[in-house]
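Enquirer: Provided herewith is a single structure, encoded as structure tokens, for subsequent inquiry.
The values are calculated or read from the model by the stated rules, or taken from the named source; none is laboratory data. Predicted model, so just to flag it, every value in this text is computed and none were measured. When we count neighbours, we look across all protein chains shown, and the Cβ atoms used for this are built from the backbone with ideal geometry, even at glycine.
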Amino acid sequence: MDKKNNISISSMIQKGRKVDEAVPVVMMTHDAVERDVNKALAEIDQMDCVAGPTIVIRVEEGSQG
């Protein structure tokens, strides 16, 4: 993801891997527009280095009261 998609990465986790094995990468972004996220994910899914389709889990900030 880059500046053109208006998305800022808050944190990223990548665990070790075995030889010739895909590595899951988990990214948390700052607040972002869903359209921008979908555009970035479509670009990521087209990369040769990506082993499978991306998975999105929406995290919303809730109010406590």
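Enquirer: Would you pick out the residues in segment 8-32 that are in a loop (DSSP other than H, G, I, E, B) and under 16 Å from Thr54 (Cα atoms)?
Expert: Result: Ala22, Val23, Pro24.
Enquirer: Here's another thing I want to ask about it. Would you mind stating whether Val37 is surrounded by 10 or more Cβ atoms within 10 Å (Cβ to Cβ) and in contact with a Lys or Arg (Cβ under 8 Å, 6 or more places away or on another chain)?
Expert: no
Enquirer: Filtering segment 35-60 down to residues that are touching a residue at least 12 places away in the same chain (Cβ under 8 Å) and of a type in the set (Asp, Glu), which residue is nearest to Lys4 (Cα to Cα)?
Expert: It comes out as Asp36.
Enquirer: Do you know which of the residues in segment 10-34 that are exposed (fewer than 12 other Cβ atoms within 10 Å of the Cβ) and aliphatic (A, V, I, L, M) is modelled with the lowest pLDDT?
Expert: Here the answer is Val19.
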